[in-house]
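> Before I ask anything, let me first share the structure, which is written out below as structure tokens.
The values are calculated or read from the model by the stated rules, or taken from the named source; none is laboratory data. Because the structure is a prediction, the values reported are computed rather than measured. Methodologically, a virtual Cβ is constructed for each residue, glycine included, from the backbone with ideal geometry; neighbour enumeration extends over all protein chains shown. Protein only, heavy atoms only, side chains kept; ligands, DNA and RNA dropped before computing areas. Shrake-Rupley method; radii C 1.70, N 1.55, O 1.52, S 1.80 Å.
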Amino acid sequence: MALAARIALLVLLTAELMDLLDQSVVLTALPAIQESTGAGPSSLQWLTTGYSLPVAVGLITGGRLGDLYGRRRILLTGTVVFTAASLLCGLAAGPGLLIGARMLQGVGVAVMIPQVLATLHVTFDGESRSKAFGLYGAVLSIANVLGPVMGGLLTEADLFGLSWRPIFLVNVPVGLAVLVLGRKFIPESTVTKADRLDLTGMALSALAIVLIVFPLSEGHLHHWPLWSFAMLAAGLLVLVVFLRHQQRKQDDAPLVPLSLFRGRPFSGGTAAQLMHGLLCGLFFMTWTIYLQNGLGMSPVHASLAFVLLSLGELAGATLAAKSAGRFARRLPQTGALITIAAVAGYGFQAAAGQGDLTLLGMTAPVVLIGFGLGMVGGPLADLSLARVPHEDAGAASGLFNTAIHLGIALGTALTALLFFATTGGSPDAELNREAFLTVLWWVGSLLVLMWVLMFFLPKQTNGQAD
């Protein structure tokens, strides 16, 4: 891989890392933000929702913008928005401006992030492509550990008396570096003949995703009121209207080329990505509660369990990167099987009634869960996009990224039915253990379904038909 290509890859992965870090870096700083700004519980909740909702809404449109107007240009435009919004976050004096700036960050990410996978897809090929996607998977794993840790350290350090503000201000020099180096080293790619943007499709897709994601994200916090079900029903109706509109637009610059779904690797891989997001949304929220209420761990002690899982995930992603695509779909399928076995082992530990289960005692299954998931992320993205035409790379990337965001929202919503319905919010250790065992059954089932869907991925990496 030439030096210019290596720098371009580094810039692309840095852009991806900025997004992933800002999803989680705020979590460990929330108490300091509340104390400094006087934010209430609702405002604190919107510091995360206000970021994730615009991301989910804008990914499809952001991907298509790259196809039509140049992926480097749109990536850099999104970086400008994200960097400026990060500066506003760092300067915000009250919760209102901070939430607004977080939403603007989400808009920038929605425009920026689809260009990363799309540019990797059209820029690299052969062994270089597989290594690039392997490193992409490793970045996902690094961010899982680095985000909360960096948020805690920067807040605790109180640099220049700024308290929590450096968690956002650090994006400014990084964003400027992405702009300078990206402009010089990332090759421009676009459709040869750019069509106009489907504004009606853009509005319909955004409305459908808001109506679906918002109640899934917020409904369980309000005990599923009637409005949440009404919004979901309306969202599904708007989604049907959107799909009918896209069918009519297929020969006239559609927002989503429906021909993408005729390709088995993309349709199967995107469905597997949806399952991936669903199981992550379901597992991680309930696991942190089980560690603290079921096993009596302190928040700091419980965070060490997440570090163990993330280190395992990094090891799995590193193995995937070094494999250089030699095993095609067998690699992520093996990762799914390892995760299934590790989840089963962890379930047996919990079912044994080990209320005194220690961090050391659970190390093996926890690390293996992370290791298996680490083998999935990069190869799944690589193989799902492998046969997508270059002119549709941005749209495909936007859809693929949207799948995991919808999955996480749905998985988080399922916690109300599968976990909190049993515990009732009680800190009782036995209730939390029983609820977590139920969740593990569902997680295992979703992993099996994800493994089955991976049979739609290519069994070869040389572009030959299966």
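> Could you work out [θ]222 nm for the chain from helices alone, using -39500 (n - 2.57) per DSSP H run of at least four and dividing by all its residues? Round to the nearest 500 deg cm²/dmol.
-25500 deg cm²/dmol
> A further question follows. Semi-axes, largest first, in whole Å: what does sqrt of 5 times each Cα gyration tensor eigenvalue give for the range 211-250?
27, 8, 4
> When a/c is below 1.5 the answer is rounded, else prolate if a/b is larger than b/c, else oblate, so apply that to the range 40-195 with a ≥ b ≥ c taken from the square roots of the Cα gyration tensor eigenvalues.
prolate
> Same structure, new question: Show me the ranking of peptides 243-254, 268-279, 9-20 by mean Cβ neighbours inside 10 Å, starting with the highest.
268-279, 9-20, 243-254
> Please compute, over every Cα-Cα pair in the range 372-466, the percentage with a separation greater than 18 angstrom.
61 percent
> Per 0.36 nm of contour for each residue apart, how much would the distance between Ala2 and Ala364 grow if the chain were fully extended, relative to their Cα-Cα spacing?
126.4 nm
> Another question about this same structure. Using a basic spin-label model with each label point 7 Å from the Cα along Cα→Cβ, how many nm lie between Leu237 and Ala416?
Taking the simple label geometry, Leu237 and Ala416 are separated by 2.0 nm.
> To the nearest Å, what is the center-to-center distance of the range 1-19 and the range 401-466, using C-alpha atoms only?
Value for the Cα centre distance between the two parts: 31 Å.
> Placing +1 at every Lys and Arg Cβ and -1 at every Asp and Glu Cβ, with all other atoms neutral, what dipole size does the range 286-411 have around its Cα centre, in debye to the nearest 20?
320 debye
> Report, in whole Å, the centroid distance computed from the Cα atoms of the range 257-312 and the range 27-63.
After rounding, the separation between the Cα centres reads 20 Å.
> Report the paramagnetic label zone for Ser259: residues of the range 105-128 whose backbone N is under 20 Å from a point 7 Å from Cα along the Cα-to-Cβ axis.
Within reach of a label on Ser259: 118-119, 121-123.
> With only alpha-carbon atoms in the gyration tensor, what are the semi-axes of the equivalent ellipsoid for the range 113-257, in Å, largest first?
Gyration-tensor ellipsoid for the range 113-257: 34, 29, 15 Å.
> Additional query: Before I look further, what does the chain give for accessible area per residue, probe 1.4 Å, in whole square angstrom?
Per-residue value: 41 Å².
> How large is Rg/Rh for the range 84-169, to two decimals, with Cα atoms and a Kirkwood Rh?
With Rg and the Kirkwood Rh in hand, the quotient comes to 1.10.
> A further question follows. Can you work out the FRET efficiency for the pair Phe348 and Asp125, with r the C-beta to C-beta distance and R0 = 51 Å, to the nearest 0.05?
About 0.70, to the nearest 0.05.
> Next up: With N set to the residue count of the range 203-307, report its C-alpha Rg divided by 2.2 N^0.38 Å to two decimal places.
1.48
> In nm, give the distance between the simple-model label positions of Arg196 and Phe455, each being 7 Å from the Cα along the Cα-to-Cβ direction.
Each label point lies 7 Å from its Cα, and together they span 4.6 nm.
> Can I ask one more? What helices in the chain pass both tests, a Cα length along the helix axis of 27 Å or more and a mean Kyte hydropathy of 1.0 or higher, using whole DSSP H runs?
Qualifying helices: 3-24, 71-91, 199-218, 226-248, 299-323, 363-385, 393-415, 429-453.
> By what distance, in whole Å, do the Cα atoms of the range 247-373 stretch along each of the three principal axes, largest value first?
Rounded to whole Å, the extents work out to 62, 33, 24 Å.
> I need the trypsin sites (Lys or Arg not before Pro) found in the range 284-356, filtered to DSSP loop residues with at most 15 other beta carbons within 10 Å of theirs.
Arg326
> Right, next: Got a number for the accessible area of Glu313? Probe 1.4 Å, square angstrom, nearest 10.
20 Å²
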